[in-house]
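Student: Before we start, here is the structure in question, set down as structure tokens.
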Amino acid sequence: MIRWLRWLLLLIVVRPIARFLTGADVTGREHLPLKGPAIIAANHNSHVDTLLMLSIFPSKAVMRVRPAAASDYFLKDPVVGWFSRNLVGIVPVARDRVASGEDVLAPAREALAAGDIIVVFPEGTRGDASDEMSRLKSGVARLAEAFPEAPVTPVWIQGAGRVLPKGEVIPVPMNCAVLIGEPLHWNGRRSEFMDGLRDALLTLKDQAPPLRWS
Amino acid sequence: MDIIARVFADQHPHLLWGLAGVGGLVALGAVVAGALTVLRRDKDYTELRQRIFSWVVMIALISAALLAGWPATTALFAVVSFIALREFLSLAPTRREDRLIVLAAYLAIPVNYAFVALDIYGIYLVLIPVYAFLITPWLMAIIGQTRGYLASVAMFHWGLMTCIYNIGYVAYLMRTPDYELPAGAAGLVFFLLVATEFNDVAQYVWGKLLGRRKIIPRVSPNKTWEGFIGGWISTAALIWFAGPLFTPLEDTGLAVLALVLPVAGFAGDVTMSAIKRDIGVKDTSHLIPGHGGILDRIDSLTFTAPIYFHLLAWFALETF
């Protein structure tokens, strides 16, 4: 029941809102995975990134799309938590418990095992809307290692930080370019894999329209 | 079925024949593109097919709006203004402090089109050229942002005028009373759009056929004198011969429109090219497959619409 509610919400509420706010100017749509297990790795400047990622998949695949999100941020408040878990469909990542040695990627691996498409933001947190990419965290490599059959699709989102920068509350419609690259596959070495992902993201960034924002 | 029959029965025959003609031309284009794809497999005609498919969608949307009347046409062009302004403000340099002004600029769209819907011409005329013109720099001063002040204000003024005020005139034409017109208000809008797009296409075709001398290589390297003049003559002829079927213009008024409209279309086109060159993009987005962004499609219209309206109002229409 709630799964269908989520599907309807994504198609008739989230998708029009995302189009209205961003124009969702997608290139490379043919590279999107349509079934899981699959991993999407995108840069992160705004909550709008999640909105966009939930709205660019065809309606057949959208049920499977689940953004990985920090449980220390989204699951703090019970109402936001219920909403995030059931309607946005987040896969919680307990960033605050990494130091304790707990396996914070367990929920993401479960979702991949169930055939979901996980969206990860390897920068770990939102950047400041300038188009710099910060250092990538290697959790995505560990997921790829655990599921070597899952393609890792790099996605560069240009301009979402202007629609809703970190710290702002009111979104302002501005076009965002979403550039989807060719999927990468696990190659056996974490550092090499991460370098490949970084290069792929930066290549997509070079193809994006210039961002005149200061 | 009854409703559909009535919608068509209420329309002027010139408009229906015109729409049928445009539909026929696009169908012909689709057949040619299909034949090329099948016959010449060594070449890739994907873009041509996309281009024609996009034409079909655009013509269907506009025809439906024109047949449905002024409320639908006003709503359609309000959406066009919004998408165009969003494209423009996203490409132009903006700053974090400007977010409020960007929102205010969007707010001008419902206000502008509300005066079209209310048919209050006296306010429509000055809303953006006077009030928005003055409010924008004032708002920016209040925010206290003086870095690049004049350039920012000018950027917002340009966006408001071209994307909202000028495009709004297409919707305002629909408020012209029928008794003044040979093919109804929809016929008036139809002819503006046909003449503008015909001019774009004619310039392109003449340029491809005869083009040798570049006209403004630093802005639009593909544009030639031959294309410009060929398009000018072809469109002027179209306006001179078909204009009386759709507009109340005659003699001097018609001649002025025939001479001025093609130049306006060309001017709108190269102005947008200059902006794109300044920003460093080829297309303003990928919204319309095979065409680019909405601004790539309506660049000429942002110049032809207000001039068409003005010439009609000056030479013929009593209402304005």
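The values are calculated or read from the model by the stated rules, or taken from the named source; none is laboratory data. These numbers come from a predicted model, not from an experiment. When we count neighbours, we look across all protein chains shown, and the Cβ atoms used for this are built from the backbone with ideal geometry, even at glycine.
Student: If only one of A:Val26, A:Val13 is surrounded by fewer than 20 Cβ atoms within 10 Å (Cβ to Cβ) and within 14 Å of chain B (Cβ to nearest Cβ), which one is it?
Tutor: On inspection, the qualifying residue turns out to be A:Val26.
Student: Just to check your reading of the model, which residue among A:Glu110, A:Glu102, A:Glu123 is of a type in the set (Asp, Glu), under 30 Å from A:Leu9 (Cα atoms) and part of a loop (DSSP other than H, G, I, E, B)? Step through it out loud before you land on a result.
Tutor: Working: A:Glu110 fails: part of a loop (DSSP other than H, G, I, E, B); A:Glu102 fails: under 30 Å from A:Leu9 (Cα atoms).
After ruling out the rest, the residue left standing is A:Glu123.
Student: With respect to B:Ala185, is the statement that it is without any contact (Cβ under 8 Å) to a residue 24 or more places away in the chain, in a helix (DSSP H, G or I), of a type in the set (A, V, I, L, M, F, W, C) and crowded, with 17+ Cβ neighbours inside 10 Å true?
Tutor: Judged against the criteria, B:Ala185 is not a match.
Student: If I go through region B:265-319 residue by residue, how many of them are within 14 Å of chain A (Cβ to nearest Cβ) and in a helix (DSSP H, G or I)?
Tutor: Here the count works out to 8.
Residues checked against (1) in a helix (DSSP H, G or I); (2) farther than 30 Å from A:Arg97 by Cβ; (3) modelled with pLDDT under 85; (4) of a type in the set (Val, Ile, Thr):
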site	(1), (2), (3), (4)
A:Val140	yes, no, no, yes
A:Ala144	yes, no, no, no
A:Ala150	no, no, no, no
A:Glu182	no, yes, no, no
A:Leu204	yes, yes, no, no
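Student: Given the residues A:Ala208, A:Ala200, which is the only one that is surrounded by 18 or more Cβ atoms within 10 Å (Cβ to Cβ), farther than 25 Å from A:Pro92 by Cβ, more than 14 Å from every other protein chain (Cβ to nearest Cβ) and not acidic (Asp, Glu)?
Tutor: Numbers: A:Ala208 fails: more than 14 Å from every other protein chain (Cβ to nearest Cβ).
Unique residue meeting the criteria: A:Ala200.
Student: So, one more: Being loosely packed, with under 15 Cβ neighbours inside 10 Å, not in a helix (DSSP H, G or I) and not polar (S, T, N, Q) is the filter here; which residues of region B:217-245 pass it?
Tutor: Result: B:Pro217, B:Arg218, B:Pro221.
Student: Further question on the same structure: How many residues does region B:273-300 hold that are over 12 Å from the mean Cα position of the chain (by Cα) and of a type in the set (A, V, I, L, M, F, W, C)?
Tutor: Matching residues across region B:273-300 total 6.
Student: Out of curiosity, is B:Val130 surrounded by 15 or more Cβ atoms within 10 Å (Cβ to Cβ), away from chain A (no Cβ under 14 Å) and either within 30 Å of B:Pro221 (Cα to Cα) or over 20 Å from the mean Cα position of the chain (by Cα) (or both)?
Tutor: When the stated conditions are applied, B:Val130 does not pass them.
Student: Please go through region B:1-29 and pick out each residue that is among the hydrophobic types (A, V, I, L, M, F, W, C) and either within 13 Å of B:Ser63 (Cα to Cα) or surrounded by 10 or more Cβ atoms within 10 Å (Cβ to Cβ) (or both).
Tutor: The answer is B:Val7, B:Phe8, B:Leu15, B:Leu16, B:Trp17, B:Leu19, B:Ala20, B:Val22, B:Leu25, B:Val26, B:Ala27, B:Leu28.
Student: Note down all Cβ pairs under 8 Å where the first residue falls in region A:172-194 and is more than 14 Å from chain B (Cβ to nearest Cβ), the second is of a type in the set (D, E, K, R) and crowded, with 18+ Cβ neighbours inside 10 Å, and they're at least six residues apart or on different chains.
Tutor: none
Student: Considering only region B:106-124, I want to know if a residue exists there that is within 10 Å of chain A (Cβ to nearest Cβ) and assigned to a helix (DSSP H, G or I).
Tutor: Yes.
Student: Still on this structure: Does region B:83-92 contain at least one residue that is over 18 Å from B:Gly292 (Cα atoms), facing chain A (nearest Cβ under 10 Å) and among the basic types (Lys, Arg)?
Tutor: no
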